[in-house]
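A single structure is presented below for examination.
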Amino acid sequence: MRAAKLVQLLTEALEKQGYKIRNEKGNFRGGRCIFETERLVIMNKRFGDEERAEILARALAREDLDALFLLPEVRDYVERYANAPQIVVDLTESDAEAPTK
């Protein structure tokens, strides 16, 4: 399957899971995040379809895919990233960490 078609199918699958896909300029790779209540996948605008497909697949691999129909070729591609290491950054402050006045 061509990378452009894979990007399209992965994008549609993530949108069904409630994600918005954004392509932005900057010095970053990209990935999924949750900002307040909004679920996002942010990708570097300069990337080609192969890199975009990988970022989308990594994001989708973290979702429950049992109830989601994916073509077998797309599912196989996503499952490659199911056990891949991920970086988690929590930028929220808990009450215990908040400075007192």
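Within region 8-37, track down each residue that is exposed (fewer than 13 other Cβ atoms within 10 Å of the Cβ) and of a type in the set (Gly, Ala, Ser).
Across region 8-37, the qualifying residues are Gly18, Gly26.
Exactly one condition in (1) buried (at least 18 other Cβ atoms within 10 Å of the Cβ); (2) without any contact (Cβ under 8 Å) to a residue 60 or more places away in the chain is false for Tyr77; which is it?
(2)
Show me the strands (runs of 3 or more DSSP E) found entirely inside region 1-54 where at least 2 residues are in contact with a Leu (Cβ under 9 Å, 6 or more places away or on another chain) and among the basic types (Lys, Arg).
Those strands (runs of 3 or more DSSP E) span 19-24.
A short reminder: the numbers here are calculations on the coordinates, not readings from a lab. Bear in mind that the values here come from a model prediction, so they are computed numbers and not experimental data. Virtual Cβ from ideal backbone geometry, glycine too; neighbours counted across all protein chains shown.
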